[in-house]
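Participant: Encoded as structure tokens, here's the structure I'll be asking about.
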There are 4 protein chains.
Amino acid sequence: MNRIPVGVLGASGYAGRELCTLIMRHPNLSLAFATANDQRGSTTQIGGRPITFVGTDDVALNAAELVFSALPHGASKEWVARARETGARAVDLSADLRPGNGCEGIAYGLTELNRAALEGSSIVANPGCYPTSILLALAPLAAQGLIAKDGTIVANCASGVTGAGNTPKREFLFGEVAENFRAYGVGNSHRHLNEMRATLAQWGVHADLVFTPHLLPVVRGILSTITVPLVRPLDDAMAPWRAMYDGEPFIELSDQQPSLRDVVHRNAVRISVSALAGTRTPMLLVTSAIDNLMKGAAGQALQNANLMLGLDETAGLPT
Amino acid sequence: MNRIPVGVLGASGYAGRELCTLIMRHPNLSLAFATANDQRGSTTQIGGRPITFVGTDDVALNAAELVFSALPHGASKEWVARARETGARAVDLSADLRPGNGCEGIAYGLTELNRAALEGSSIVANPGCYPTSILLALAPLAAQGLIAKDGTIVANCASGVTGAGNTPKREFLFGEVAENFRAYGVGNSHRHLNEMRATLAQWGVHADLVFTPHLLPVVRGILSTITVPLVRPLDDAMAPWRAMYDGEPFIELSDQQPSLRDVVHRNAVRISVSALAGTRTPMLLVTSAIDNLMKGAAGQALQNANLMLGLDETAGLPT
Amino acid sequence: MNRIPVGVLGASGYAGRELCTLIMRHPNLSLAFATANDQRGSTTQIGGRPITFVGTDDVALNAAELVFSALPHGASKEWVARARETGARAVDLSADLRPGNGCEGIAYGLTELNRAALEGSSIVANPGCYPTSILLALAPLAAQGLIAKDGTIVANCASGVTGAGNTPKREFLFGEVAENFRAYGVGNSHRHLNEMRATLAQWGVHADLVFTPHLLPVVRGILSTITVPLVRPLDDAMAPWRAMYDGEPFIELSDQQPSLRDVVHRNAVRISVSALAGTRTPMLLVTSAIDNLMKGAAGQALQNANLMLGLDETAGLPT
Amino acid sequence: MNRIPVGVLGASGYAGRELCTLIMRHPNLSLAFATANDQRGSTTQIGGRPITFVGTDDVALNAAELVFSALPHGASKEWVARARETGARAVDLSADLRPGNGCEGIAYGLTELNRAALEGSSIVANPGCYPTSILLALAPLAAQGLIAKDGTIVANCASGVTGAGNTPKREFLFGEVAENFRAYGVGNSHRHLNEMRATLAQWGVHADLVFTPHLLPVVRGILSTITVPLVRPLDDAMAPWRAMYDGEPFIELSDQQPSLRDVVHRNAVRISVSALAGTRTPMLLVTSAIDNLMKGAAGQALQNANLMLGLDETAGLPT
């Protein structure tokens, strides 16, 4: 079978590199180009094989049937449009086209919840890493109208440092991150809130949302610990998740607490649900783990691309 | 000046070792004995100096004017009683005598909140590490009656592995903890809840409490991220903390998010407060960092002992 | 095509688990059984899929065409013999059958150097992790007789903690290993020396060998830094390695210093060679990186099994 | 007693910050100024207390009786000269004035080996971190003429990342250093070689030296593993070290292998010595651990300053 050529814009960041690795190991795709303006002309090892970066301006976008953009927020949107003009499909890993960012009408790539729209799309907005982890955890409760309207959803999340990219900044040096832990984007100030609020609103969820991300001294992975107020207690806390996710290849429900170790280097979401004892309001604790570079970025992007290109949704994705 | 002899029961664990180090560097104390049944007779380096452990049974408790017990929960209570019989004062680092554990009437060693009772005490129950970090963060709101009665306090906490002790268990091997992160004691099942609920009830706080601890891949430190529902919005979110903690040598209020790095190896609590944007209910986000072995264990124990012995409260404590 | 059934004895350790993962993802093999006496009956997730461990005594060894033994040193030999009695081939990951351990005549599984013998073998002694990293680095110099007879080869090696297994011991707790580094097995006392000396002697190398392993605060990977005295200076330091390893799928020669990051989760050896400036004796510095659980254990074991079973040598091995 | 004012040039780097912390806790010194051109005017927390950085150009150098320069190599020399012109003494932590760098005649601050010269000095060149760890380990053998002239000393060293400073560079991001390990400055190309060779030559040591540093995924600490060829076997391998270092407050000889954990946050060198079995040439393995920011930089600088100022050599230094 001929391989389908795909390209990566912004390939020198962590998500871009992960995408290149996945594409090179994919049974049906080939890597048409990998751009990185700041490293154009340089050759790097990705997944054990050499790749030479080209400038984003220097590439013939139509050499690819589908273009992944891992360009920075703000810059990505324009390149997605250019790729479309050449006839290429596009998956945008930036925040530019996601819900709540003023660009409605673009298919939102939370794959498991949106397959019908994704299959026919020529542009897909790939979800943020935190929203992926939180929204996939909350969707089953939302679908059954179980979240208390006047309550507060509290999502405390912790991410490995690759979530912050590989631009050199002092705060992300090993000497600053190791043996450390801190919150950031506090007070509901993180950019991902718009994306989550817009999606929850579409789902008819009107509870308040408090979202506090933290920086973990690990390379990869996000754990979200979410307290959810319910309209009524549930006899079988896990039932909504089983109902929605039965048979999903990339969603794992677990009696054990999910850990980063369970999901890194895999395109998986692992979710556990516990009733909270000793509270007057019925509440659940939902924990959800993903690899921020896989299901939280490159893996889900490829999962979406597989759907857009009519391939097996799981092709080339480590489970 | 003559040094006051003090002893440590259960000195081979992380908190016990930290206590020995602090005592050896203390200007007014000397280490009368350090017990460790499983290592009796062996000599170890603590803080650069050799210490020989003796059996807990083999020690003359009255060789010390004050005894610190870092023995396991359950076993500690009896040894505190024995120490008292010999006339020694005692600081119990175990959970045995803390509020909510069926032993009311014992002075509770949250030092900054309880000095009057502590100065005259012969027995002090040293607070748990998580309760120290959470209760010191909440006390200013409780004192002003600002916490909404029918709301939910959500405390998400993350601790370094020394909080789990140094008994060899597979789950705490480097190969299991590194590059990992997970919740434990979920569903409001952690032992420390009783201690916190009893104390909050004494303070007149009747909000629900959700407490979820996590295991961090770091050696030391606890960060607590606490969402608190208020009876009314505050113009100056930090005001209650300034009012209560002004001049406290070990409490640091900060505009910056506290990190573990700010507090490790120091007997400090660092607290930051942020209003939460975009919620209908007025809420605050309070974050609090301590070193679990210092302000969360050995440091606060020594702070209490200083008070009990009539010494300068800050003597021998790294700030 | 029918899959060939293979079994793993001692599957609950780090190397055994890695083997199970590789087998489950292998295109031509199936996992007939996975034994773990201390966890018999328990089900665990390996590579995202559940595996139920059985007792080593309870298994029909002939359910497998080939048995991998990852049992402890000393215990393994007997089980390899039992497997052979049932007609199964065997790859022994323990030290029991390796050169220098009194069991000559067994094929030694340094795959790249010994293919002819391995293809027809029914038993293979899989090399130790340190010997794999050191011997593959030295073989090209040995083959050309370039190592000075009366000189000293100094091999300083550092390994991640999975090299020490997952039996709970205090010295391998996260609290002891993190932010730490130390030598062990000093003074040429490490068990792997016999294996290396016997192999070097077979190759006609008579230089002294000093081998000092160290414990790294990482999960996986070995880096060996080797100083080698030469019989004469080399114009092109890398030439012997290119001559011997050209076209090898799992050996990577690099101008850049190899790092653990380059090789973890891959069945690769990455080698770099530098001339040493400012010494009277001509010497080379050779550095070599492997993943101790892959090329240093499970990966090489599978590479050998592929050869023994007439499969493509690279089948199922991540490059 | 009045405190002696001292200043720190280049105070925003890791060594400069460590110096400020030590000075603020010193019983006899006060911090007159702390300069950092790139952060002038900003206030930072160092050791729990706020410090406001000033520009290096803006400071009155004679406000200090002694100036520590932690400025970059190349820039430091000029500022040491300026400080001297104002009458201040100076300790230079850069490489500018060290042996082998073309500036002979400056007292070299390997304190334990050079006290007589240091006490009367107005300028001291503080040793590099690697040289401190290696030279203090080798000095006892050199003093007794025990190192084989025609042999090779092989020093493999590994350092935590604070040794590389806190200038943001991609290679030192947490995402690059964690779970990694690699050699650098290979082939005897590291700047510290001149300093070591010049010093060894002064000591009459003419063996070849091979020095290979490595980057550890830890914040602090250096471990040096050194193979030394001897002129004859030693009955009591530790005897030369005991003879030279008996009573030294900062040098610890140990039967156990020294680890980083033993020395971090302390101004200590911990050394262990083992005979090497199975070699024709008599050789020793010497291992030596220091904290690169303490005995390897700020601690030793303060130790030297104590001598220069007529204070107790151990004042203000954590043991």
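Participant: Name the residue from A:VAL210, A:SER224, A:THR279 whose Cα lies farthest towards the positive end of the charge dipole of segment A:129-292, charges +1 on Cβ of Lys and Arg and -1 on Cβ of Asp and Glu.
Facilitator: The residue sitting farthest along the positive end of the dipole is A:VAL210.
Participant: Quick check: net charge around D:MET24, other residues with Cβ under 12 Å of its Cβ, Lys/Arg +1 and Asp/Glu -1? Could the numbers behind the result be given before it?
Facilitator: On the way: positive: D:ARG3, D:ARG17, D:ARG25, D:ARG49; negative: D:GLU18.
Counting the neighbours of D:MET24, the net charge comes to +3.
Participant: Within a 10 angstrom radius of each residue's Cβ in C:277-287, how many Cβ atoms of other chains show up on average? Whole number is fine.
Facilitator: The shielding value for this peptide is 5.
Participant: Here's another thing I want to ask about it. For C:ALA81 and C:ASN37 in the same chain, what is the full-extension length gain: residue separation times 0.36 nm, less their Cα-Cα distance, in nm?
Facilitator: Working: separation 44, 0.36 × 44 = 15.84 nm, distance 1.86 nm.
Computed gain between C:ALA81 and C:ASN37 is 14.0 nm.
Participant: Pop a pseudo-label 7 angstrom from the Cα along the beta-carbon direction at both B:THR279 and C:ASP246 and give the gap in nm to one decimal.
Facilitator: 6.8 nm
Participant: Moving to a separate point now. Whole number please: convex hull volume per residue of the Cα set in the protein assembly as shown, in Å³?
Facilitator: 184 Å³
Participant: Moving to a separate point now. What number does segment D:129-292 give for Rg over Rh if you use C-alpha atoms and the Kirkwood radius? All intermediate terms of the calculation are to be shown ahead of the outcome.
Facilitator: Values: Rg = 16.0 Å, Rh = 16.4 Å.
Result: Rg/Rh = 0.97.
Participant: What does the charge dipole of segment C:129-292 about its Cα centre add up to, to the nearest 20 debye, if the Cβ of each Lys and Arg holds +1 and the Cβ of each Asp and Glu holds -1? Walk me through the numbers on the way to the answer.
Facilitator: Values: 13 positive and 14 negative charges, 71 e Å.
Dipole size: approximately 340 debye.
Participant: Modelling each spin label as a point 7 Å along the Cα-to-Cβ direction, I'd like the C:LYS149/C:ARG3 distance in nm, to one decimal.
Facilitator: 5.4 nm
Participant: Let's see if you can work this out: charge +1 on each Lys and Arg Cβ, -1 on each Asp and Glu Cβ, no other charges. What is the dipole magnitude of the protein assembly as shown about its Cα centre, in debye to the nearest 20?
Facilitator: 0 debye
Participant: Please determine, in degrees from 0 to 90 and to the nearest 10, the orientation of helix B:76-85 with respect to the longest principal axis defined by the Cα atoms of chain B, where the helix direction is its Cα long axis.
Facilitator: The angle comes out at about 60 degrees.
Participant: Which entries of B:LYS77/B:LYS169; A:LYS169/A:LYS295; C:LYS295/D:LYS149; A:LYS149/B:LYS149; D:LYS77/D:LYS169; C:LYS77/C:LYS169 show an alpha-carbon separation above 28 angstrom in the structure shown?
Facilitator: From B:LYS77/B:LYS169; A:LYS169/A:LYS295; C:LYS295/D:LYS149; A:LYS149/B:LYS149; D:LYS77/D:LYS169; C:LYS77/C:LYS169, over 28 Å: C:LYS295/D:LYS149.
Participant: Averaged across C:151-157, how many Cβ atoms of other chains sit within 10 Å of each residue's Cβ atom?
Facilitator: If you average over the peptide's residues, the count of other-chain Cβ atoms is 6.
Participant: Could I ask something else about it? Enumerate the calculated ³J(HN,Hα) couplings along segment A:33-46 in order (Karplus 6.51 cos²θ - 1.76 cosθ + 1.60, θ = phi - 60°), each rounded to whole Hz, writing x wherever the residue is Gly or Pro.
Facilitator: For segment A:33-46, the Karplus-derived couplings read 6, 9, 9, 6, 4, 6, 10, 4, x, 8, 10, 10, 8, 10 Hz, x marking Gly and Pro.
Participant: To the nearest 10 degrees, how steeply does helix B:299-308 sit against the main Cα axis of chain B, on a 0 to 90 scale?
Facilitator: 70 degrees
Participant: Could you derive backbone 3J(HN,Hα) for segment C:246-261 from the dihedral phi with the Karplus parameters 6.51, -1.76 and 1.60 (θ = phi - 60°), listing whole Hz in sequence and x where the residue is Gly or Pro?
Facilitator: For segment C:246-261, the Karplus-derived couplings read 4, x, 5, x, 10, 10, 10, 9, 9, 6, 7, 5, x, 10, 4, 3 Hz, x marking Gly and Pro.
Participant: Here is a follow-up. Neighbouring Cβ atoms within 10 Å as the yardstick, rank C:SER224, B:SER259 fewest first.
Facilitator: Values: C:SER224 30, B:SER259 24.
Neighbour counts put them in this order, fewest first: B:SER259, C:SER224.
Participant: Over segment B:231-319, calculate the relative contact order: mean separation of alpha carbon pairs under 8 Å at least 6 apart, over the residue count, as a percent.
Facilitator: 26 percent
Participant: Within 10 Å, count the other beta carbons around each residue, average over each peptide in C:309-316, B:86-93, and list them highest first.
Facilitator: Peptide ranking by packing, descending: B:86-93, C:309-316.
Participant: Measuring from centroid to centroid over Cα atoms, what is the spacing of segment A:57-110 and segment D:188-254 in Å?
Facilitator: Cα centroid of segment A:57-110 versus Cα centroid of segment D:188-254: 57 Å apart.
Participant: Let me confirm one metric for peptide A:217-224, namely the mean number of other chain beta-carbon atoms within 10 Å of its residues' beta-carbons.
Facilitator: Mean shielding count: 6.
Participant: To the nearest 20 debye, what is the magnitude of the charge dipole of chain C about its Cα centre, counting +1 on the Cβ of each Lys and Arg and -1 on the Cβ of each Asp and Glu?
Facilitator: That gives a dipole near 340 debye.
Participant: Okay, next question. Over the Cα atoms of chain B, what Rg and Dmax result, in angstrom?
Facilitator: Reported Rg and Dmax, both Å: 19.3, 62.
Participant: Using helices alone, I'd like the mean residue ellipticity at 222 nm for the protein assembly as shown: each DSSP H run of four-plus residues gives -39500 (n - 2.57), total over residue count, nearest 500.
Facilitator: Rounded to the nearest 500, the figure is -7000 deg cm²/dmol.
Participant: Restricting to Cα atoms and excluding each atom paired with itself, what does the Kirkwood estimate give for segment B:140-195 in Å?
Facilitator: Taking the inverse mean of 1/r over all distinct Cα pairs, segment B:140-195 comes out at 14.5 Å.
Participant: Mind ordering A:286-296, A:175-185 by average Cβ neighbours within 10 Å, highest first?
Facilitator: Working: A:286-296: 28.5, A:175-185: 22.5.
Ranking, from highest mean packing down: A:286-296, A:175-185.
Participant: Another one. Can you tell me the 0 to 90 degree angle between the C-alpha axis of helix A:192-202 and the longest principal axis of chain A, rounded to 10?
Facilitator: It is inclined by approximately 60 degrees.
Here, each number is a calculation from the coordinates, and none is a lab measurement. Just so you know, these numbers come straight off a predicted model, no measurement behind them. Positions of Cβ are generated from backbone atoms using ideal geometry, with glycine treated the same way; all protein chains shown enter the neighbour counts.
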